[in-house]
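What follows is one structure encoded as structure tokens, with my remarks underneath.
The values are calculated or read from the model by the stated rules, or taken from the named source; none is laboratory data. Note that the structure is predicted; figures quoted are calculated from it, not measured. Cβ placement follows ideal geometry from the backbone for every residue including glycine, while neighbour counts extend to all protein chains displayed.
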């Protein structure tokens with residue numbers, strides 16, 4: 001009996017979790033999960049794993065590889081008929097999906113359905129008109145130029161890893177938690193965001209960073225340019241503090257970086273926002289954007305081309 005129970009446990013758990021999520025209101029998830037269960041889990045998990053000196057995703061990948069090889073070995077050695085073996089394989093896949101899906105939602109995924117940040121802060125979102133977009137681009141470009149000039153000894157050279165503060169992760173966490181506390185959001189735990197290797201492993205999937213709920217950490221591809229690292233790191237940390245929406249995490253990352261006293265972190269935040277404005281500007285008026293781009297200082301154009 002118990003063997004049959006555990007055989008279907010994770011499939012049933014996943015279906016039940018999906019049902020709970022479907023019937024739960026954003027207000028209920030906000031109260032019971034995002035401000036209740038998750039902060040408690042966050043504190044306990046970070047207390048247990050915060051001293052690990054490397055990204056936990058390495059252990060996850062090793063475990064997945066080991067279990068995959070073990071299951072394949074057992075499956076190939078199974079002397080039952082092919083139909084029975086295929087049925088067993090299908091059940092195994094469903095069990096894995098159930099396990100991964102259940103953990104994903106309980107360890108973070110409910111946050112997708114929490115009360116939106118803009119609603120909690122009383123923000124009114126309006127689409128940008130072309131005029132406002134161009135004005136925002138010009139104002140942000142001025143800030144970008146000023147921030148680039150603040151980086152000591154780098155006026156005529158490319159920026160590199162040596163320009164990043166040695167305690168970047170800790171600095172960003174302090175700034176992020178300060179912003180969260182000021183807006184009445186939980187700051188339990190110490191979310192981590194670490195560089196992962198080999199270089200380009202995330203970029204192969206068109207991503208510079210990712211937050212993985214199964215290990216409770218944010219990850220930044222080690223191939224990311226130093227200018228982008230602070231912004232991407234702050235973005236992934238924001239995910240770890242209960243935010244699922246990508247746009248909201250970009251918004252928080254920008255606000256966090258521009259509060260920094262470190263000139264490169266400040267520059268990274270402004271650059272992150274500037275890139276989005278520039279992409280939209282190029283779409284609505286390619287010729288005007290090309291002229292504006294040519295007017296940028298050579299140092300900034302060099303940063304964009306690296």
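For the range 79-102, give me the residue count where each residue is more than 33 Å from the chain's Cα centre (by Cα) and surrounded by fewer than 13 Cβ atoms within 10 Å (Cβ to Cβ).
Going through the range 79-102 one residue at a time, the tally reaches 8.
Take the range 259-269 and flag every residue that is within 13 Å of residue 234 (Cα to Cα) and either more than 20 Å from the chain's Cα centre (by Cα) or in contact (Cβ under 8 Å) with a residue 40 or more places away in the chain (or both).
259, 260, 265, 266, 268
Condition test on residue 63, is it exposed (fewer than 12 other Cβ atoms within 10 Å of the Cβ), modelled with pLDDT of 95 or more and assigned by TED's automatic domain parsing to the domain that holds residue 7?
Yes: the conditions hold for residue 63.
Across the range 222-244, what is the total count of residues that are in a loop (DSSP other than H, G, I, E, B), more than 19 Å from residue 181 (Cα to Cα) and in contact (Cβ under 8 Å) with a residue 40 or more places away in the chain?
Qualifying residue count, the range 222-244: 4.
Can you tell me which of (1) at pLDDT 95 or above; (2) surrounded by fewer than 21 Cβ atoms within 10 Å (Cβ to Cβ) is the one residue 153 doesn't meet?
(1)
Would you check if residue 173 is touching a helix residue (DSSP H, G or I) at 6+ places or on another chain (Cβ under 9 Å), at pLDDT below 95 and not assigned by TED's automatic domain parsing to the domain that holds residue 50?
The answer is no for residue 173.
Could you say whether any residue in the range 267-285 is touching a helix residue (DSSP H, G or I) at 6+ places or on another chain (Cβ under 6 Å), assigned by TED's automatic domain parsing to the domain that holds residue 143, assigned to a loop (DSSP other than H, G, I, E, B) and modelled with pLDDT of 95 or more?
No, the range 267-285 has no match at all.
Restricting attention to the range 165-179, report how many residues are surrounded by fewer than 19 Cβ atoms within 10 Å (Cβ to Cβ) and either closer than 24 Å to residue 249 by Cβ or touching a residue at least 60 places away in the same chain (Cβ under 8 Å) (or both).
Residues meeting the conditions: 6.
Just a yes or no: is a residue in the range 256-263 part of a helix (DSSP H, G or I), within 28 Å of residue 26 (Cβ to Cβ) and either in contact with a helix residue (DSSP H, G or I) (Cβ under 9 Å, 6 or more places away or on another chain) or modelled with pLDDT of 95 or more (or both)?
Within the range 256-263, one or more residues are part of a helix (DSSP H, G or I), within 28 Å of residue 26 (Cβ to Cβ) and either in contact with a helix residue (DSSP H, G or I) (Cβ under 9 Å, 6 or more places away or on another chain) or modelled with pLDDT of 95 or more (or both).
Can you list residue pairs whose Cβ atoms sit under 6 Å apart, with the first residue in the range 184-200 being touching a residue at least 12 places away in the same chain (Cβ under 8 Å) and the second being in a loop (DSSP other than H, G, I, E, B) and crowded, with 18+ Cβ neighbours inside 10 Å? Count only pairs 6 or more apart in sequence or on different chains.
Partner pairs satisfying both residue conditions: 191/241; 194/55; 196/55.
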